[in-house]
Amino acid sequence: MPILDRLFDKNPIYRFGPPSFGPITNISIQHLVDRLQNNDTDYHDPSKPDFLDKFIEAKEKYPDVVDDTQIVSYLMFNMIAGADTTGITLNAALYFSLKHPHVWERLRSEIPTESFSSGPAAYKDTREYPYLNAIVREAMRCHPAVAMLLERYVPKGGLDLPNGHHIPAGCVVGMNPYVVARNKSVWGEDADVFRPERWLRNEKLETEEEFEKRLLLMNNTDLSFGGGSRVCIGKHLGLLEVYKVLATLVSRYNIHLVDPKKDWKTHNSFFVRQSGIKVRLSRRE
C-alpha cells in the first residue's frame, strides 16, 4: 500500500537510522539457495570448505537446532559484523597514516617493496612488524568501528564501582568505545592525537616492566572489540584480514591523499562509516 510505503520505507525520520537489513537478507538467502542448488560453482570450490559449507554441515548434523532460517541469520551476521568493521578499520589505518607523513614513511620503511611480491602477506609475517601493529591498534583506538554503547545487564548482587557507587542488579550499563579511548588517565594528555608510538616501548623513558604494565592497562581499556566474556568472536579473524591487507597494500603501492588538507566525513549509525577519502595509487618499485 502506498501509504504504508511512505510511512515505513520512505519516511525521512527512518532514514536517519542504520541502513536496512533488507539487501543483506536477500544476499544471504540467494547464496544459500545457490549453494543448495549447486549454482555457485563459478566461485565455490568444494575442496576448500567455507563458512556456508560448515553451516549446512551443522544443519545436517543438528537438524533440531539449525535450519535454513538459522543459516540465513548466520550469513547475515557474517556480513553485518565482518564486512563494515574490517573496512572501517582499514580506512582508519590508511587515513591516519597518510595524514601524518612521518608515520606513513616509517611504515613504508618497515615493510620493504619486495616483502610480498609473490602473493598476499602471510599473517605470521605481518606479526614481525611492530610499527604496523602499533598503527592498527592506534587506528582502532582513535576510530573504533563501533561507537555506541555496548550494553550489558548488571548481574545479581549488583556492581560496586571503585568510587563507592553501587549499581543495582538488572540495570543496563554500557561504555562507548570512542569515549573510553579518550580517557587521559589511561592514554595520556594527548589522548585525542593519533600517535602509534604509544603502543611501543620508549626505551629511553621506561623499563620493560613499566612498558608491560602500561600496555596491560591500554589493552584492558581498549573496547574496539568489546571485552570480557562477550568479546567479539570474530576479533582474531578480523585482525588477520586487516594486517594481511594493510601489509600487502603498503608493500606494493605508493599511496597519496588527493587533498592532504581535506578531512574525511564520518557518520555514526552504530558503525562509524567514513567517506570522502580519495587517494592516488601507483605501483611501488
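Worth a mention:
- Label sites at S185 and E128, each approximated as a point 7 angstrom past Cα along Cα to Cβ, lie 4.2 nm apart.
- Part-to-part distance (alpha-carbon centres) for the stretch 125-141 and the stretch 33-97, which is given in Å: 27
- With kT/(6 pi eta Rh) evaluated at 25 °C and eta = 0.890 mPa s, and Rh the Kirkwood radius from Cα pairs, the chain diffuses with a coefficient of 111 µm²/s according to Stokes-Einstein.
- Applying a length cut-off of 30 Å (Cα extent along the axis) and a mean Kyte-Doolittle floor of 1.0 to the DSSP H helices of the chain leaves no helix.
- A Cβ-based charge dipole, computed about the Cα centre of the stretch 131-281 with Lys and Arg at +1 and Asp and Glu at -1, lands at about 680 debye.
- Backbone HN-Hα couplings from phi across the stretch 271-280 [Karplus 6.51/-1.76/1.60, Hz, Gly and Pro as x]: 7, 9, 7, 10, 8, x, 9, 10, 10, 10
- Cα extents of the stretch 53-169 along the three principal axes, largest first (Å): 52, 52, 22
- As a proxy for reagent exposure, T126, T69 were ordered by neighbouring Cβ count within 10 angstrom, fewest first; the result is T69, T126.
- Arranged from fewest to most other beta-carbon atoms within 10 Å of their beta carbon, H31, H143, H267 become H267, H31, H143.
- R0 of 22 Å, Cβ-Cβ distance V65-E151: FRET efficiency to nearest 0.05: 0.25
- Applying a threshold of 28 Å to the alpha-carbon distances of K244/K278; K184/K278; K48/K265; K48/K99; K54/K235 flags K184/K278; K48/K265; K48/K99 as lying beyond it.
- Mean sequence separation of contacting Cα pairs (under 8 Å, at least six apart), scaled by the length of the chain, corresponds to a relative contact order of 21 percent.
- Across C142, C171, C232, mean-square fluctuation computed from a Gaussian network of the chain (C-alpha pairs under 10 Å connected) peaks at C171.
- Computed about the Cα centre, the dipole magnitude for the stretch 30-157 is approximately 760 debye when only Lys and Arg (+1) and Asp and Glu (-1) carry charge, each at its Cβ.
- Relative pair counts by distance (%), Cα atoms of the stretch 115-248, 5 Å bins: 2, 9, 15, 18, 18, 15, 11, 7, 4, 1, 1, 0
- Order of M79, M140 under a 10 Å beta carbon neighbour criterion, fewest first: M79, M140
- For the stretch 68-187, the relative contact order is 22 percent, taking Cα pairs closer than 8 Å that sit 6 or more residues apart in sequence and dividing their mean separation by the residue count.
Any read-out appearing in this document is the output of simple, stated calculations on the displayed coordinates, not a laboratory observation. Just so we're clear, the structure is a prediction, and the values are computed from it rather than from any experiment. Reconstructed Cβ throughout: ideal geometry from the backbone, glycine too, with neighbour counts over all protein chains shown.
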